[in-house]
Every structure is written in structure tokens, then in C-alpha cells.
1. Just to be sure I understand the filter: pairs with C-beta atoms under 6 Å, separated by 6 or more residues or on different chains, first member in region D:40-52 and assigned by TED's automatic domain parsing to the domain that holds D:D110 and hydroxyl-bearing (S, T, Y), second member part of a strand (DSSP E or B) and modelled with pLDDT under 95. Which pairs pass?
2. Could you tell me whether any residue of region C:299-311 is at pLDDT below 85 and either of a type outside the set (S, T, Y) or under 23 Å from C:N51 (Cα atoms) (or both)?
3. Looking at region D:125-141, is at least one residue closer than 18 Å to D:E69 by Cα and either modelled with pLDDT of 95 or more or not hydrophobic (A, V, I, L, M, F, W, C) (or both)?
4. For the list (1) on the phi < 0 side of the Ramachandran plot; (2) modelled with pLDDT under 90; (3) surrounded by fewer than 24 Cβ atoms within 10 Å (Cβ to Cβ), I need the number of the one condition that B:T31 fails.
5. Which residue is most open to solvent (accessible area, probe 1.4 Å), if the candidates are limited to region A:57-82 and must be in contact (Cβ under 8 Å) with a residue 40 or more places away in the chain and of a type in the set (S, T, Y)?
6. Please state which one of C:I123, C:I106 is more than 29 Å from D:S213 (Cβ to Cβ), facing chain B (nearest Cβ under 7 Å) and at pLDDT 80 or above.
7. For D:K191, indicate whether it is over 30 Å from B:S209 (Cβ atoms), in a helix (DSSP H, G or I), among the charged types (D, E, K, R) and away from chain B (no Cβ under 14 Å).
8. Pairs needed: first member in region C:10-27, under 21 Å from C:G174 (Cβ atoms); second member anywhere, open to solvent by 50 Å² or more (accessible area, probe 1.4 Å); C-beta distance under 8 Å; at least 6 residues apart or different chains.
Amino acid sequence: MDTLLSVQGLSSGYRHLKVLHSVSLEITRGSVTAIIGPNGHGKSTLLKAIAGLLPTWTGVVMLDGTALPAAASERARAGLTLVPQGDQLFMNMTVEENLLMGAYVRTDAAAVKRTLDDVFTLFPRLHERRGQRANSLSGGERRMVGIGRGMMAAGKLVMIDEPSLGLAPLIIEQIYGALNLLANEGQSILVVEENPSRVAGVASAFHLMDGGSFAWSGSAAALARSSDVLKTYLGG
Amino acid sequence: MDAAIQIIITGLTLGAMYALASVGLALTYGTMGMFNMAHGMFMTIGAYASYSLSSAFGAPLPLALVAGICAGAISGSLLHLLIVRFMLHTEDFQTTIMVATAGVAIALQDLILKRYGAYPFKQPAQIEGSFRLAGTAISYQSIVIVAMAALLIGALAWLLTYTKFGLAIRATAMNQDAAKLMGVRTERTYLQVIVIAGVLASAAGILISSLAGLSPAMGTDPLIRAFIICVVAGLGSVTGAGLAAIMMGLFEAAISYYIGARFGLPVMLGLVVLILIFRPAGLFGRMEVVRS
Amino acid sequence: MSQLSEIQRHLVAAVLFIAAMATLPYFVSERYLLGQIIVFMLWASVATQWNVLTGHAGVFSLGQMLFFSVGSYTVGMAGTYLGTSPWISMPVGAVLSAVAALLIGIACLRLASAYVALLTFAIVFMVQALIVTDPNCFTNNGGVCLPLFGGGNGFSGFADFGFRKLLKGDWIVGNYFVILASLTLSLFASIIVIHGRLGLAFRALNDSQLYAASRGLNRTRFRVTVFVITAFFTGLSGSVYAAHFRFAGPSLFEMPTLVLILAMVIVGGLRSTWGPILGAAAMMVLVEIAKGMGDVRNTAVGVVLVLFVLLFPKGIAGAAGRTLRMFRAQRSAERPEIAERRFDATKTEIAR
Amino acid sequence: MDEKRDCEMGSSRRGFLKGGLLGLGSAAVLATLNESAVAQSADPVIVGAPLQLTGAGAADGIEFKQGLELAAEEINASGGILGRQVKIVTADTESGGDDLITSAGQRLIDRDGASALIAGYNFGSQTALQNVAADASVVYLHADTARAHTDLVSKNPGRYWGSFMYCPSELYYGFAFLNFIKHLEDTGQLKAPNKKIAIVTGPLVYSINIANSIKSDAAKYGYEISLFETVQAPTTDWGPTLAKLREDKPGFIVVTHFFPQDQAQFMIQFLANPTNSLVYLQYGASLAAFRDLAGDASVGVLYATNIGVLSGEVSEEFAKKYLGRYGAKASPNGGAQTYEALHLFAQAAALAGGVGKAYEEEQSKKVAARLKESIFRGPTGVIRFDQKAQQAFSYPVQTKDPSLGMAHIFSQIKRKEENGYIISPTPYETAQFELPKWMQA
């Protein structure tokens, strides 16, 4: 097993409020890992802490066996890509500018161009709207830009925060279709979803987060066996 | 007809100076939410640096200009490295930074007064003479002012639109966190922004002093105007600030001629107030960026 | 219960502070020093109101000196044109300031904070430009041309409080107590606003607009209310200023005055009840010390201001509060943290 | 006219005869007085100087400070005031309003122990320091050039006995200017194309009062005001105003907006396409800075001042000394004012038997009485006070005798490297009026 990301004993939070309590997590290269669980229990906080947007109170985050520096920009440069919740696009930039920002740290222009073509192939809609400003896009289109921008970094690990949040079922299908394609190409992905059913078909490893730590972890097969446990947490 | 040409010339000259003075301010506000009260001092420092070099060492004009602009860049980076950097992410940054930069401005203005005195020196960086256009005399200095402003603002616009460097600045302005996630070293971007503001302001200072002469307090009036232009434009809108400055220059010149010179500024300010009341985000601003 | 006692604590402190101030003239007889204490009290009052507005209501106004001037000009103009005693024109001045604030507030307080700052700034600048360039004599008294709003010289020499007649050489002591009274009103009003129901509403609004909206709190209406209240007391200070100096002129609108008072608010500590008073005192002392330094006066003031803001971003009150909290925390670590945690929890919940 | 009556009253023979103290270069007088004096005290005499050392008025404020320093050195060299050395203490009024000016003046008295206040000009209402001086019972000398002083002091002489304005008020600029251009035309030195006067004024009361005084009397001298424009400060681009002037084509252009930088730009831009008009600039053109900034465009400009360094021995010697000490960029016109005021004060105090103390009016009143009687010749002319208004008489508007009033001089710039040449009044003129090169004969 080739470990790509290793998180050990990570605690973090907002100002005086501790949200994460010593979380540990390992991600295998080329796999899709899902973090599931009810809202408000620290899933997004975990991604932000790993990405460096929130300070690490205790613990270590390692990528490819080396500890990451604290600053978010340096972690991004090291190959850690976060597609944040609510897209966080550059609203006054065009779709294409947003995508190019995703490739900000890359220097090989030809390779960037190839990734851009890949994104446009994956989301043809974005190609149509490449010159439009992000603030004029629909919710689904924004999500596509967000994911596309994440792809542009060609990072080692893409972390996607709630890709289905607030979207119509048809769009959700498209988004997950795209994630499947990415996963099939060998992209390592860490995805956060409230509802495990959406990610069940994509991910190979699952962690259930509750109260700022993992209450349950297991493989896709284990998940299928443990529907009772999940029900208590997710009320489903 | 003569009057109309004269108004346009005056309007463009004033507008060009205002634009240079305000674009940097708009950029700093737009990227870091900072009202830089020392922005006027960048102008003063640029003007005095260029004056000192060419009068004391007899440096040729272009060199003196470059020196003035460098002085602006240095002041900008020092302001960031010594002060702004430490305050940037603190609570109430918007108000505390005003006081801190005002403190810088008070001290710098005093130092310049001590070093140079209050005598209004002539700025050597200027070109004398004029030509006639349809009976109206146009000074070469006005042409230089408009050309230099167009050049610098054009360069900035190109930088912001077409380079990776500019893309990073705009990204930081729009969404600091997202910019970091793209690998943008935002702290460095802030430094770059203040340096750019320093460069533009010192260029503005050199041009303004070519008309008004040098004095330690020369930056005060342009600073106030620059603040107001930034409001009309919509805070943080860089192209808006440039356009608004030209419009305000033309407006002021026209009001001065048709209503009376003393009403040029107040009527324009009245318009600003009305514009804001009916278009709260300014002429070119975007609601979602600034609404609290 | 605890809310009430907090108000009471501050009110008691205010009474003690005012009482201490009232005894000063018995120890200080030097006119310059009394004059400087008077200036301190005037600016302390303006800074206190500014802090209520900016620190608590979240309205970043740069137009406070306009309201101050409305008060001053009312006294100046009534005294000059009608021979009115300031005892009559002072309350009028305060009311007119409040009216001006109502008009400006309705027009611009729905805007974002940065815009409010610059808009009020633009209004002040416009008024000043119109006043100083007015060449039309409203009266021409023996060759002294006086424009309607006083032009660049402003108004001077009009009727004062009347203590010069009453107390002769000690007239300044009479003035001292009138100005102390106006500071008292301003201080008490600020305590009542900050720690009373209005303050509660603002805390609710600041913590969560959503929550406040659900409770039917109208943000703009509250902001206008505080804008008007603070303008009233700022205008009162302005009218007292005019009666004390027998002067009302356009220098009041100028940038250095604005920066000085803003510095008082920030140095004292934004959002703290007593911060502006501490800040005003600190700035007065700083400027006074700097005056003794002669040539480097302004450089010193500027540098100290920068250092202060850098080292104590929360002002004197913030630094003192932190020391106090550390002290308390050592004795009983539990309480404040729980409160803080609860506060943060609501905030993050809403943020999601 | 009220003003006229005041002038005549002031110059009444009785008032003139009452005064009799002649100062012929005060150092000599003072030295003589000092010779016979036994030092009254080892403590120096503190003279407080509330000056605008920073802000918009700093350029002049610094000159005022230098003038005081130079005078104090000279006085001390000749034995001080009855054996006591003179020490100047300044306080910055920051080019601000009455609150700052009052506080500066009060500080000098209470903190520094000043026995008198001497200033050039300050902004504000120009009545603040008179009140400080009155409350503290000290003598206060200033050159505000302000009608406000005239009014204040003559209405309440009992309170303001110690306040003296050692120059005439700004209102005389109006009559003097009209008088002067009429004289030019009457004597055939100038043939203006018409009788139109265009006035451009600025945002300070000084500028506005002068503009208004020309406006209100123009008709009496046979002129009409064709344009009256108030500009903002600073005004760097004069396009719209010049467009109006070019349409108006007046015979005379008067700019009372007095900032030298703005005036320099006015001339440069005016000369790009001049009209056939005589150009008169208030105050700013008298400063070296104006000629520096305007260069060749300064040549031909007329200006006036009612307190400026004259020609002749006293004045030239002072100017040489001043420039030698403070550099070629210094302005003797500014420094001369406080310089002579301090000399005047020292002499009056010595004659009165010493300076007074603050809050003890007896001795200061004696000094004031001596001041009131003085006829003092300094670099800017003769200071003789109007007994009622305690302001210096203006020659030739108020008195026809040049030894009894401060000369209201008209100068014309002939070479950009040199101060303007005085062309009026007699006996101070050093050159004849020349038609500016942009005007048609």
C-alpha cells in the first residue's frame, strides 16, 4: 500500500473553539476516500485544516512522506488541492481565468493547455461559457468551474468538499460522473459528503465523522455491512 | 469652441493626475481593505526624491523620474514590511490601519519639512512651452501629464489583465482564501500591491508637483480627492477609479467654467453623494463585493 | 440581573470619574493647563460618541466633525447675528446636529461601512469647500465682510457663557464646569446606550444578522437611531466648544482634527466603554510631551502613534483588559471561557 | 465710507503730535538705553512666538521664526532689554483654527513664562491671540493684516490695550490698487484697452476682503468689475478661469488668491495666450518662490504689499544680513516683519523701564503706552500706530508723509532672478513702471 497523505492526531478549530479532536487519517495513492457524517461535526473543518486554511493546533500532516509547511499556499504548491465548499470562485473573473488560476503554480504552458482541454472535454458547458464572468453562472456551472479549477492544479490529491450540496439531482449525476472519470484515471481524491449513498459507488474507503473525530472507519464492503451504525448517526 | 477645448484639456490634465493618484489607492483598498492615509506621502516622497536627484546631482530628467518612482516603491515596501504586515489580519484592521498610516504620514511630512523646509521648490521634471490647437494654447506639460498617466495606468491594466502576476493580485482581491488554495503567496501579493501603489502615487506626485511646486503638504489635497474618486468608482475598482478620475476632472473643469470655479469641487462632491445614495456600490463597483 | 449591575458598575465609575474631574480646578490654577483639560474633555466627549457609533453600532463615520461643527456654528451664528446667549443656542445646536444626522443617516446608513466612511467624509469636505470660498458678504460691518457662514475666518468674539463678568480672572473655571457637565451628559448617555437595550440590539445585530432579522430587528433603523443620538451629544460638545473659545470656523473640518480624534478612539480601544476617555487623555499627554520636545514634535507624535497601534491593536483598554483577564483567569479559569465558547458556537453554526 | 472716516480720524494731527518717539535703527537707541541701565534681573526676557511652523502657512511661519532669532541676537548683543537677555520661545499654531492658536499662546504665557507675544500672521478668526493677551495682560504684536483686528480693538480699547497690529489692514489694498492704476493711466504710463477689472480671489478672508474692497470702490475710480471669480486652493490648472478671462478681455486682471505656486501657474498658463491686460498678483508674487516657479512668466507682473522690505540703507542692510544668514531662498519680506516687531518691542520696553509679567498689567501697560507713542523705522518702513485701532498707518493712503506710515509699495518684476523693483510710492521707488511685454502699447 502506497500512502499518499497521512494525517496524525490533527486538532484544529476556530479562534477559541476546538472542532477537531486528534483526527488521524491515511489515504492511499490513486484511491478515493470519503468522509461522511452529519452537518456541523467538523468534516469541512478537517479539509480546511489539511489544506492549511485553518491552523494546526496539534498533529502532523504529511504528503508523500514529508511534513507539509503551515501556509495554505505552500501546501497547494506541494500538490494538495482543495475544492472548497460553496465553490469560492473568483467572481469577477471569467470562467477561463478561473481555470487558469487553478494552474497558477504550474509553469509548463503546454501541459496546462492540455489540462484545460481535458476540463473542457469533461465539462463541455464550461467551454461554451469560457468568456463569461463567474458571477453570471448557475449553481451547477459554478460547481463545474470549482472542480475544473481543482483539476487544473494537477495536484497529487484533490479534496472536494460536498460536491452535491444544493444542486439538482440531474446536475449531481453529472458531477459524480466526472468524479468517476477522474478516479478511473488514477487521481487520488478525498471527498466529503453528508450522505454516503452518493459516494458509495465511487469511494473505496470511508470515515464517519462525529463530534470532531472519526466514529467509524471502513472499506466500501464494510460500509454496506454497517448500515445500522450509520443510521444512528445520519438519522436515515 | 475655444472654451470647450480648454475645458477638455483642463479636464483631462486634472483627470490624469487624479487617476494616477487614486488607482493605487483603489488597488490597496480592493486587495487588502486598507485605507492608506500615507498614500499622499508617497506622492510627496516621489516628488521630492526626483527633485533632489536632479537638482543636487544634476541627474538627467528621465533618471530623476525613475529615481522618484523608485522612492515610491521603496516607501511602499517599507510601509508593508514594517507596519502593514503585522496588522493585516487583526480585528478592526480597517480602522486601526487608518490611524497607523496617518501616524506614518504625520511623521514623514514632518521629516520632509525639517529636511527641505516649507519653500515651494520648482520641480525640475517638466517640459516648458505650448502649442496651439484651433486657437487654444495647450502646454506640452499637459500632454506629458496625460501621456504619462495613460502609459502607467495602461501598463497596470495590462499587468492585471494579462499576466499571471496580475491574475494573482486580482484573485487575492476577490477571494483571499481561494487565492491561497491556488498556491498564491498572498502575503507577497500584498507587498506587491503596496509597491505598485507607491510607484503610481510617486509618479502622480512628480506630475502634480510639476504644476504645483513641491511642499511638504502637497499630498493632502490629492489624497482627499483620491479617496472621493475611489468612492465614485466603487471601492476597489481599479479601472473604475481611472475612468471616474477622468470624468471628475472633466466635470470639475466644466462646472468651473459654466457655474464658477468655486463650485467645481463642491458640486462634484454633491454629485458623488447623490450617486452613492442611488447607486450604493459606486458607478463601477459590484454589489456583492462590498455589501456588508 | 447581570445586565443591570453592569450598567450600574459603569455608572458608579462615571460618577467617581466626574467627581474627580470636578475637584481638579481646586488643585490646578494654571490657565493653560485648565485650558488643556477643557480641550481634553471636549475631545473625550466627541471620541466617546464616536466609539459608540463605530465600535458598537458598527457605523464607521468620518463625519463626526461635521456634527461638532453644526453645534459650533449654531452658537457662533446665533451669537453673531442675533446676539443670542450660548445658554439658549447650545441646546438648539445639539438638536440641529441631530437633525443633520437624521438626514444624512437616512440617506447613507444602508450602505456598507466603507462607503459610509467615505460618503460622510465627502459631505464634510463639500461643506467646508463651500464655506471657505464664499465671497458674498452677508453683513459688512465697518468693512469686515462676513459671509453667511463666516467664510474662512469663521465667527468669533460672540457672547460666551458670561463667566468673564461673573468670575473675572477665574472665568475659565466657570467654563470648566460647563464643559465638564457636557462631558458628563455625553458619558452617561454612552453608558446607557452601550449597556442598555440599544447596545444589546447591536450585539445581536453584530453577532448574527440572520438571528437579529428573525427577531424583527431592523439594522438600518438602529444605525440611524444611534447616528442621531451620538450626533446630538457631539453637537452639544461642539456648541460648548464654540462658547468656550468664542470661535466657530472651518478649521474644525480639517483633516488633522479628525485624525487626532480618531487616534484617541483607537489608542484608547475601540468598543471599550472607557477607551475613548483613556485615549483622549493619552493623546493629550503625548502631544503635550511632544510640544516640549520642540522641533521633533510631529515626528514623535507620528512615530508613537504607529508604535502604539502596532503593539496594542486593541488600545489601552484592550491591553488593560487582557492583563485583567489573565489575572482573573489565574484565579478561576472556568467561567469566561465557557461564555466565549458558547458565543463562538452560535457564530460558527450560523456561518454554516 | 466707514473705512475712509476711520483713516482720517486716525491720522488726525493730535494723534500724530502725541507720538514723539523716534527710532532711528533701534539697536543704537536700545544700546544707549542699556548703557545707563543696571541689569534688572539675571533671568532672560521670554518673548513668546505663536507661529504656524507646520501646515499650509509653514513657509511664512519659518521666516517669522528666523526674523525673531536674528533680532534677538542683535538685541542681546547690545545688552538685551535693560540688561536682561531676550529669549524667543516658539509654539506651533499648526496653521489651524482658534483652538490651536489660543492654546499655543496660552502655553507660551503659562508654561514658558512669556512676557509678551510676537507673531507674524496666523489663520483662524485672527482675534484669538488678542483675547489671550487681554486675559493675561501682556503685549501682543502681530501682522495679521486683518480688518478684524481694527474692529476688535477700536470697539473695546479697555480690554485690548496690549494688542498691536504693526501693519495696516488688508482693506487698504483696494483703494491703493485703484488709486495706483488710475495714476498710471492719468500719467499716460499705461493705456489700458478698457476700464474692465477682472478679479480672481481665493478661499481665505484676506483674499476675499481685498477682492471685495476693489469691487466696492471700482466705480468711484471709474472702473467696472467685469468678472469676479472665486477659486479653490490649490488651483493648479487655470484653464476654465483663463477661458473666461479670454472671453472677457479685461484691461486689468487682479488675482488676490495669494499662493505663490498657484499664481506661478496662472502666469505660465495665461502667457500661453495672453490678453491685453495688466496683471496684478496679491502677495505671492512678492516671494522668491513665485519667480522660481514661474520663471520668465514672472516678468512684468505687478504686486503690492503693505509690509515689505523697502529700498534704502536700513532695508538693504537687513536684506543682506538676512539672506546671508538664512540662504538665498529665504524671504526677507517675511523675516523683516517679526524682526522689526521684536526690535520695536525691545525699545519700547526699555523706555518703559522693563518688560511686564503676565497677569500683572501695570508694567505691560507702560510698555503698551510706549508702543503707542513709537515711530519706528524698520526694514519695511515706519511703524506708527493709529491710537484707536492700534494698527500701523498706511502711507500714502492714510498719511501723505512717508516718515509717518508704513509704505504700501507697488513693485514690478523686471528680471526673474531679482526681487521686484519698487515703482511706487515715492520716495521708495527704484524703477519706473514698464509696460509688460504681453501688452500692446
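1. Final answer for the pair search is D:S41/D:R84.
2. Scanning region C:299-311 turns up no residue that is at pLDDT below 85 and either of a type outside the set (S, T, Y) or under 23 Å from C:N51 (Cα atoms) (or both).
3. The answer is yes; a qualifying residue exists.
4. Among (1) on the phi < 0 side of the Ramachandran plot; (2) modelled with pLDDT under 90; (3) surrounded by fewer than 24 Cβ atoms within 10 Å (Cβ to Cβ), B:T31 violates only (3).
5. Looking at residues that are in contact (Cβ under 8 Å) with a residue 40 or more places away in the chain and of a type in the set (S, T, Y), I get A:T58.
6. One residue alone meets the criteria, C:I123.
7. The answer is no for D:K191.
8. If the second residue must be open to solvent by 50 Å² or more (accessible area, probe 1.4 Å), the pairs left are C:A22/C:F177; C:P25/C:F177.
The values are calculated or read from the model by the stated rules, or taken from the named source; none is laboratory data. What you see is a predicted model, and the numbers here were worked out from it, not measured in a lab. Note that each Cβ is placed from the backbone with ideal geometry, even for glycine, and that neighbours are counted across all protein chains shown. Side chains included, ligands, DNA and RNA excluded: accessible areas come from the protein's heavy atoms. Shrake-Rupley method; radii C 1.70, N 1.55, O 1.52, S 1.80 Å.
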